[in-house]
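Asks: Okay, here's the structure, questions in a sec.
Just so it is clear, none of the values below were taken in a lab; they were calculated from the coordinates. A quick note: this is a predicted structure, and the numbers were derived from the prediction, not measured. Using ideal geometry, Cβ is built from the backbone for each residue, glycine included, and neighbour counts are taken over all protein chains shown.
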Amino acid sequence: MYEDVLIAGYSDRLSVRPGETIRFAVSSHANKNYQATLFRSISSDPNPRGPGIVELNADEYFKPVKLPSRPQSIKPGSYGETTKLLPITFNNSLKLAVSVFPTRLTDHFQTILSWGPLRITLDDKGYVSLYCDDVKFITSKEPIISAKWYIIKIEISKDQKTVLSIRDNLTGKEEQTLTENPKRGTDFDAFYCDDVKFITSKAPIILAKWNIINIEISKDQKTVLCIRDNLTGKEEQNHKENPKRGIDLDEFENAKIRVATDQSKTEFFNGKIEAPEIKVDGKTILKYDFSQQIPLFEVPAEIGPPLILCNSPTRAVKGMNWDASEFCWRHKPEHYAAIHFHEDDIYEFDWEYDFELVVPANMPSGAYVMRLSVDNGYDAIPFFVCAPKHKPSAKICVLISTFTYAIYGNHARPDFEENWLKRIEDWQAYPHNPAKFQHYGLSTYNNHSDGSGICFASHKRVLFNMRPGYQTFGYSECSGLRHYPADSHLLAWLEHKSIPYDVITDNELDTEGHETISAYATVLTGSHPEYHTPQSLNALKTYQNNGGNLAYLGGNGFYWKIARNSENPDLLEIRRSEDGIRAWAAEPGEYYNAFDGQYGGLWRRNGRPPQDLVGIGFAAQGNFVGMPFKRVCFDPKFDWVFDGIEGDILGDFGFSGGGAAGFELDRRDVNLDGGKNIVTLAQAHDDSNNFILVPEEMLTHLTNISGEPNQSTKRADMVFFENQNGGMVFAVGSITFCGSLPWHNFDNNISRLLENVITHFSDR
């Protein structure tokens with residue numbers, strides 16, 4: 001039994017501008033009103049040794065409100081259903097056909113195809129059956145097995161004779177099961193009637209109480225169920241006329257066809273489905289070719305109404321005819337005529353919205369949280385206010401990595417331990433972890449219940465790890481923050497230094513292009529700008545080529561290529577192809593995105609390595625530990641970088657990993673940087689052997705692509721260079737760099753170094 005948190009919510013968008021509206025959906029299981037209060041978010045680090053959670057009251061932009069609590073349900077499971085009802089009738093014959101590739105047997109029924117009361121099911125042993133309501137008509141002689149294609153055909157004649165045919169697509173072996181006229185009514189030669197429910201009481205009986213049950217069945221099948229409460233004498237009777245077995249379609253109304261679930265949308269199928277087809281009296285009334293319109297979630301029918309795909313099943317997957325002759329679905333779509341359904345698919349909750357905020361004209365750009373509170377429960381929904389379009393309020397813009405936040409959304413880490421909860425309680429950190437609430441949907445760093453990788457993500461659901469104070473790592477001696485909370489180290493630093501700034505998110509960068517940042521002198525990234533679309537990466541490159549200054553303040557950035565859905569841009573897709581540090585690997589033949597048809601995977605494998613943009617790229621990964629940088633550039637031309645800093649050791653401290661260089665490290669590679677005149681300012685080497693080279697760097701156990709010794713390639717390079725048009729780039733090559741900024745109340749050498757860089761950028 002799943003347990004829901006007391007109160008949780010999400011917003012319909014992550015970024016908004018003055019004059020625009022943002023809506024909030026809330027589910028509360030409390031018995032009284034909850035309160036919604038707006039705050040400007042400054043720091044999201046709960047570590048008592050640091051700045052702590054710092055939020056400024058924002059009542060002037062949104063007056064706190066009390067709203068009635070109501071629970072809203074989470075409904076996982078992907079399926080398809082027709083847009084129209086189809087008449088359930090036939091005179092002579094009914095034929096059903098569908099191809100399946102099951103990927104998981106469950107302890108409950110899985111429905112492959114349903115039409116009103118009719119449904120083709122897969123049971124816990126792998127047997128295929130046809131049901132009408134609760135009546136089993138026919139079952140395969142042998143079970144089918146997972147990870148194998150089968151063609152299922154069922155034919156029902158007017159006299160109810162039924163033939164079930166299952167063909168193994170690999171071997172061509174075919175099995176047929178025949179059954180004669182299924183019986184109706186009660187077989188008085190037995191004490192039961194198979195698995196047919198004849199009659200049910202009107203009300204449940206309760207435990208620890210005597211009840212007298214009488215059932216009477218007449219010859220004509222009329223049935224009376226009588227239940228008498230022995231204590232009160234109260235009696236309930238339920239009457240039922242002639243319970244039937246068999247398919248009497250005259251009694252059924254028109255119904256929708258559903259693929260991968262039953263009519264109640266509970267028996268979800270795990271696996272691939274291809275080519276559903278229904279014939280009535282020799283005429284095809286429904287036929288689908290799932291190779292059509294692969295980027296869309298509305299599948300056109302060859303015959304019949306379109307099929308709407310719900311909860312985003314996966315398309316552009318290998319179908320029954322795939323033979324490894326083509327790896328791009330656009331070139332041979334007929335080889336990709338399958339859809340992969342999962343019982344745990346859920347990317348958007350589709351909750352009703354409870355309230356909204358129209359952003360006032362005077363609301364400053366920055367990070368905000370809408371806090372929800374009731375009884376002892378709370379939630380804090382983050383969002384970002386951008387400056388008015390083409391009207392920046394500052395010279396500096398912070399690029400918020402909302403694509404990365406969503407891709408990691410609800411990452412249930414395999415190393416999560418219950419003992420983390422003690423520190424969370426002590427620090428009054430965010431209390432909920434996706435590892436304990438997996439029915440809220442997981443991240444693209446997790447797998448579906450059938451073992452396949454999750455390749456879709458959306459922010460339109462509760463994302464526990466996108467909350468102020470969320471602890472990604474509970475074992476670490478430091479704050480253990482990543483992504484949204486970790487990026488607040490930079491925002492808190494800007495606020496402390498009274499440096500004016502605006503924020504822009506990946507969404508604006510992708511949809512508006514470089515013009516959304518063109519008016520800013522400098523763009524700062526956060527700690528981990530890992531995921532980018534072609535459009536967002538193009539925008540940064542154009543900004544850079546036009547003379548803009550870019551400060552890359554993280555590690556493992558600009559690494560994976562993603563796509564947005566054209567119908568629903570909030571839905572993101574990742575294909576983890578070829579290599580790279582990855583939680584799962586895409587199947588061969590499934591490297592191309594369904595949404596845009598482009599090759600997925602690493603930007604490096606798409607000919608656009610991070611070195612081309614920022615001079616460095618991902619080289620090594622380790623545990624959440626950090627180490628210091630050491631200055632290696634003593635050219636007087638770059639003394640401005642180190643002005644006011646004593647010594648050569650930089651950042652031997654920090655709230656992320658305990659040092660400014662840690663967890664994921666980026667380095668220079670002259671083979672990938674396009675011949676840029678790059679100056680290495682400082683370096684951090686893995687002298688303790690805490691890191692491993694990323695897979696794309698390795699050739700054999702003896703050699704790597706760079707040709708350098710393995711140990712020397714496991715490093716972080718802090719670099720600087722100028723583009724031809726005068727734009728400057730500063731890159732730190734470490735995910736933990738920003739975590740050092742708040743150390744010692746923001747008075748430290750990393751803080752001073754970044755201030756020097758930003759001042760230099762502003763002066764130019």
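Asks: Between the alpha-carbon centers of segment 363-390 and segment 303-356, tell me the distance in whole angstrom.
Replies: The distance from the Cα centre of segment 363-390 to that of segment 303-356 comes to 33 Å.
Asks: Sticking with this structure for a sec: Could you calculate the FRET efficiency of residue 148 with residue 415 from 1/(1 + (r/R0)^6), where r is the beta carbon distance between them and R0 is 30 Å, rounded to 0.05?
Replies: 0.30
Asks: Report ³J(HN,Hα) in whole Hz for each residue of segment 14-24, in order, from the Karplus equation J = 6.51 cos²θ - 1.76 cosθ + 1.60 where θ = phi - 60°; Gly and Pro get x.
Replies: Calculated HN-Hα couplings, in order: 9, 9, 8, 10, x, x, 8, 10, 10, 10, 10 Hz.
Asks: Straight-line reach only, C-alpha to C-alpha below 16 angstrom: list the lysines that residue 209 could link to, leaving out same-chain residues fewer than 8 apart.
Replies: Within the straight-line limit of under 16 Å, residue 209 reaches these lysines: 234.
Asks: If you don't mind, another one. Mean residue ellipticity at 222 nm from the helices of the chain, using -39,500 (n - 2.57) per DSSP H segment of n ≥ 4 over the full residue count, to the nearest 500 deg cm²/dmol?
Replies: Numbers: 9 runs with 75 residues, N = 764.
Per the formula, -2500 deg cm²/dmol.
Asks: Here is a further query. At a 10 Å Cβ-Cβ cut-off, how would you order 627, 320, fewest neighbours first?
Replies: By the 10 Å Cβ count, ascending: 320, 627.
Asks: Based on the Cα coordinates of segment 387-763, what is the per residue volume of their convex hull in Å³?
Replies: Values: hull volume 54.1 nm³, N = 377.
Each residue corresponds to 143 Å³ of Cα convex hull volume.
Asks: Under a point spin-label approximation (7 Å from Cα along Cα-to-Cβ), what is the residue 724-residue 169 distance to one decimal in nm?
Replies: Inter-label distance under the simple model: 5.1 nm.
Asks: If you rank 420, 640, 584 by fewest surrounding Cβ atoms within 10 Å, what's the result?
Replies: 640, 584, 420
Asks: Compute the FRET efficiency between residue 107 and residue 428 as 1/(1 + (r/R0)^6), taking r as their Cβ-Cβ distance and R0 = 30 Å, and round to the nearest 0.05. Write out the running numbers ahead of the final one.
Replies: Working: r = 40 Å, r/R0 = 1.33.
Efficiency computed from Cβ-Cβ geometry: 0.15.
Asks: Taking the highest mean first, how do the peptides 716-722, 437-443 order by number of other beta carbon atoms within 10 angstrom per residue? The partial results should precede the final answer.
Replies: Working: 716-722: 24.0, 437-443: 19.9.
Going from most to least packed, we get 716-722, 437-443.
Asks: For P(r) over Cα pairs in 20 Å bins from 0, in percent, pick the label among (i) 15, 41, 29, 12, 2, 0; (ii) 15, 41, 34, 10, 0; (iii) 16, 48, 30, 5, 0, 0 that corresponds to the value derived from the coordinates.
Replies: This structure yields the entry labelled (i).
Asks: Taking the highest mean first, how do the peptides 203-213, 337-347, 297-307 order by number of other beta carbon atoms within 10 angstrom per residue? Spell out each step's value before the answer.
Replies: On the way: 203-213: 8.8, 337-347: 25.1, 297-307: 17.0.
Ranked from most to least packed, the peptides come out as 337-347, 297-307, 203-213.
Asks: Fewest Cβ neighbours within 10 Å first, please rank 505, 284 accordingly.
Replies: The fewest-first ordering by Cβ neighbours comes to 284, 505.
Asks: Using 0.36 nm times the number of residues separating residue 139 and residue 215, minus their current alpha carbon distance, what extension gain do you get?
Replies: 24.3 nm
Asks: Further question: Given a Förster distance of 22 Å, report the FRET efficiency between residue 646 and residue 712 from their Cβ-Cβ distance, rounded to the nearest 0.05.
Replies: Using R0 = 22 Å, I get an efficiency of 0.20.
Asks: For segment 578-679, what's the radius of gyration and Dmax over Cα atoms, in angstrom?
Replies: Just the Cα atoms of segment 578-679 yield Rg and Dmax of 18.1, 55 Å.
Asks: Calculate, in nm to one decimal, what residue 567 and residue 637 gain on full extension: separation in residues at 0.36 nm each, minus their alpha carbon distance.
Replies: Between residue 567 and residue 637, full extension yields 20.1 nm more.
Asks: Would you kindly state how much longer the chain becomes between residue 176 and residue 542 on full extension, computed as 0.36 nm times their sequence separation minus their alpha carbon distance, in nm to one decimal?
Replies: Values: separation 366, 0.36 × 366 = 131.76 nm, distance 6.30 nm.
Using 0.36 nm per residue and subtracting the Cα-Cα distance, I get 125.5 nm.
Asks: Mind checking which lysines have their Cα closer than 20 Å to the Cα of residue 158? Skip sequence neighbours fewer than 8 apart in that chain.
Replies: 95, 136, 183, 244, 279, 283
Asks: Given a cut-off of 16 Å, what percent of all Cα-Cα pairs of segment 1-57 lie beyond it?
Replies: 65
Asks: Under 14 Å from a label point 7 Å along Cα→Cβ of residue 700: give me every residue in segment 658-679 with its amide N that close.
Replies: none
Asks: OK, next. Which of the pairs 141/272; 84/287; 84/561 have their Cα atoms more than 26 Å apart in this structure?
Replies: Beyond 26 Å between Cα atoms: 84/561.
Asks: What ³J(HN,Hα) values, in whole Hz, does the Karplus curve 6.51 cos²θ - 1.76 cosθ + 1.60 give for segment 497-508 when θ = phi - 60°, with x put for Gly and Pro?
Replies: Here the 3J(HN,Hα) series is 7, 6, 9, x, 7, 10, 10, 9, 9, 3, 4, 5 Hz.
Asks: Tell me, what ³J(HN,Hα) does each residue in segment 451-458 have, in order and in whole Hz, if you take phi through Karplus 6.51 cos²θ - 1.76 cosθ + 1.60 with θ = phi - 60° and put x for Gly and Pro?
Replies: x, 6, x, 7, 10, 10, 8, 8
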